[in-house]
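Structure first, commentary second.
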Amino acid sequence: MKAVASHRMKVFWPLYVMAIPGIVFLIIFKYIPLAGSVIAFQDYSVFKGFLDSPWVGFKNFETLFHYPDFMRVFSNTLVLGFLRIVIVFPIPILLALMINEIRKSALKKGVQTALYVPHFLSWVIVSGIVFDLFSVSGLFNIVMGWFHHEPTLVMQESSYFRVVYVLTSIWKDAGWGTVVYMAAISSIDPQLYESAMIDGASRFKQIRHVTFPLLLPTVLVLLLLEIGNFLDLGFDQVFNLQTPMTYSVGDILDTYVFRTGIQQGQYSFATAVGLFQSLIGFILVFTFNKLSKKVSDGGLW
């Protein structure tokens, strides 16, 4: 085994060198910070540090669970996470399948580029566009005025927040999500499509019986990764889109921690919430990984 590993390293050493920056990034920004999770069980002080800060056990977790609005914040997080999995996640798959059916190469590249360009805009810019679009004098109310509807302050109405969250998520990230699926589709053997055509399969049947089944393992892996981030909805998006009037449906764990933890210097409490989110994510990934192995013999491990 050692001889085989040594031979592979000699043959594929350029690939190992290319992997070094990614490995260093993971170690510095993912693994080393794990040691900081200990402050979730301390009354952490920046002046005393890790070693001298007093231990408080599960006090920070008790504070979280006994918070009067915890159930509201937690339920908002669950609802938005569910909407992201059920509605937002499948969109890139559908887009990738549709883009793959475009026969002209230049048009296909143009459409894909136009779809994933919004990914590179920050949520500050996107939220500014959204607030302008739905303002009293914005395009939305102008169009509604043509149908004799009174102007609506969409961004101040709690009933519209989740709709706006889903639509902005799709517009900004759905195109970027097609990159992985298009790469997986391009690796499918063309002979499979030729065999299907000989058997008289239409384009839709080719998608149903060739493309999608071979794309399914990639879909399952990305779904498991998405489930792992079920409670991590993205602070930037929610924080920039919400207003005090939409806290009832838009206040999630991340924004709550920012207001009550970070801004008030309660670093131990903020870490406890982050640890709670990570634990839930681990349980979900472990559970769905077991289910995916039973369904399709696939999974992350």
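The values are calculated or read from the model by the stated rules, or taken from the named source; none is laboratory data. Note that the coordinates shown come from a computational prediction; the quantities given were computed from them, not determined experimentally. A quick note on method: Cβ atoms are made from the backbone with ideal geometry, for glycine too, and the neighbour counts reach across all protein chains shown.
Name the residue, out of Gly281, Gly298, Gly265, that is modelled with pLDDT under 80, farther than 19 Å from Ser158 by Cα, surrounded by fewer than 19 Cβ atoms within 10 Å (Cβ to Cβ) and in contact with a Leu (Cβ under 9 Å, 6 or more places away or on another chain).
Only one candidate passes the filter, namely Gly298.
Can you find a residue that is exposed (fewer than 11 other Cβ atoms within 10 Å of the Cβ) and modelled with pLDDT of 85 or more anywhere in segment 38-53?
No - not one qualifying residue is present in segment 38-53.
This table checks each residue for (1) aliphatic (A, V, I, L, M); (2) modelled with pLDDT of 90 or more; (3) within 21 Å of Leu233 (Cβ to Cβ).
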{"position": "Val88", "(1), (2), (3)": "yes, yes, yes"}
{"position": "Asn100", "(1), (2), (3)": "no, no, no"}
{"position": "Lys108", "(1), (2), (3)": "no, no, no"}
{"position": "Ser127", "(1), (2), (3)": "no, yes, yes"}
{"position": "Val164", "(1), (2), (3)": "yes, yes, yes"}
{"position": "Tyr181", "(1), (2), (3)": "no, yes, no"}
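Write out, first by first residue and then by second, each pair whose Cβ atoms fall under 7 Å of each other, whose residues are 6+ apart or on separate chains, and whose first residue, in segment 115-134, is within 17 Å of Val154 (Cβ to Cβ) while the second is exposed (fewer than 13 other Cβ atoms within 10 Å of the Cβ).
Filtered contacts from segment 115-134: Leu133/Leu139.
What helices (runs of 4 or more DSSP H), lying completely within segment 13-85, carry at least 1 residues that are closer than 24 Å to Ala272 by Cβ, of a type in the set (Ser, Thr, Tyr) and more than 25 Å from the chain's Cα centre (by Cα)?
Helices (runs of 4 or more DSSP H) meeting the threshold: 59-65.
Name the residue, out of Thr246, Thr271, Thr255, that is more than 30 Å from Ser135 (Cα to Cα) and surrounded by 18 or more Cβ atoms within 10 Å (Cβ to Cβ).
That would be Thr271, the only listed residue that is more than 30 Å from Ser135 (Cα to Cα) and surrounded by 18 or more Cβ atoms within 10 Å (Cβ to Cβ).
Can you tell me which condition Leu241 does not meet? The list is (1) in contact (Cβ under 8 Å) with a residue 60 or more places away in the chain; (2) surrounded by fewer than 19 Cβ atoms within 10 Å (Cβ to Cβ); (3) touching a Phe, Trp or Tyr at 6+ places or on another chain (Cβ under 7 Å), and all the others hold.
Going through the list (1) in contact (Cβ under 8 Å) with a residue 60 or more places away in the chain; (2) surrounded by fewer than 19 Cβ atoms within 10 Å (Cβ to Cβ); (3) touching a Phe, Trp or Tyr at 6+ places or on another chain (Cβ under 7 Å), Leu241 breaks only (2).
How about segment 157-265: which helices (runs of 4 or more DSSP H) wholly inside it have at least 1 residues that are among the acidic types (Asp, Glu)?
Where helices (runs of 4 or more DSSP H) fall fully within segment 157-265 and carry at least 1 residues being among the acidic types (Asp, Glu), they are 158-186, 190-198, 212-228, 235-241, 253-257.
For residues that are without any contact (Cβ under 8 Å) to a residue 12 or more places away in the chain and touching a Pro at 6+ places or on another chain (Cβ under 8 Å), scanning just segment 138-175, find the one that is surrounded by the fewest Cβ atoms within 10 Å (Cβ to Cβ).
Gly145
Every residue, every condition in (1) of a type in the set (D, E, K, R); (2) in contact with a Ser or Thr (Cβ under 7 Å, 6 or more places away or on another chain); (3) in a helix (DSSP H, G or I), yes or no:
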position	(1), (2), (3)
Ala96	no, yes, yes
Ile102	no, no, no
Leu107	no, no, yes
Gln112	no, yes, yes
Val117	no, no, yes
Val124	no, no, yes
Ser127	no, no, yes
Val130	no, yes, yes
Ser135	no, no, no
